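Everything below concerns the one structure shown next.
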Ligand SMILES: [Zn+2]
């Protein structure tokens, strides 16, 4: 089991995955709605788009824009069962357990939180390693 930090670091090394970034408007949306509301949205999207054994339109079910969580799903490779299988070895053809859904939501929210924390970086800039 990898930690969320390990997963996020691996994703950051993927040119494609790290190309997804929240826009200023999307960050403002998250801040206006509040994290708890956005988390509920994430739970709903994970349930409706990923949780079934064979999700509808699998591979094309997640838009790349329209909601910060959609972007997070692509950025974290939680966009379809194919990517979940490739990145996290989540078995295809079986429903996602409640626990698996919770882990995905936690990863999505961690990515969103990092994007918000990075708000002063110019859009499109590479995320620098956080220093403490
Ligand atoms: Zn995918």
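Residue 59 - would you say it is within 16 Å of the ligand (Cβ to nearest atom), more than 21 Å from residue 4 (Cβ to Cβ), in a helix (DSSP H, G or I) and modelled with pLDDT of 95 or more? Spelling it out, it is not the case that residue 59 is within 16 Å of the ligand (Cβ to nearest atom), more than 21 Å from residue 4 (Cβ to Cβ), in a helix (DSSP H, G or I) and modelled with pLDDT of 95 or more. So which residues in the stretch 1-51 are buried (at least 16 other Cβ atoms within 10 Å of the Cβ) and farther than 18 Å from residue 110 by Cβ? Across the stretch 1-51, the qualifying residues are 49, 51.
Just wondering, is there one or more residues in the stretch 64-80 that are without any contact (Cβ under 8 Å) to a residue 12 or more places away in the chain and part of a helix (DSSP H, G or I)? No - not one qualifying residue is present in the stretch 64-80.
Per the conditions (1) buried (at least 17 other Cβ atoms within 10 Å of the Cβ); (2) farther than 25 Å from residue 13 by Cβ; (3) away from the ligand (no atom under 14 Å from the Cβ), the sole criterion not satisfied by residue 68 is (2).
Each residue in the stretch 81-123 was checked for being modelled with pLDDT of 95 or more and assigned to a loop (DSSP other than H, G, I, E, B), and 9 of them qualify. I need the full set of residues from the stretch 74-106 which are within 14 Å of the ligand (Cβ to nearest atom) and closer than 14 Å to residue 40 by Cα, in order please. Of everything in the stretch 74-106, just one residue is within 14 Å of the ligand (Cβ to nearest atom) and closer than 14 Å to residue 40 by Cα, namely 104.
The values are calculated or read from the model by the stated rules, or taken from the named source; none is laboratory data. Every value quoted in this text rests on a predicted model; they were computed, and no experiment measured them. With ideal geometry, Cβ positions are generated from the backbone for all residues, glycine too; neighbour counts draw on all protein chains shown.
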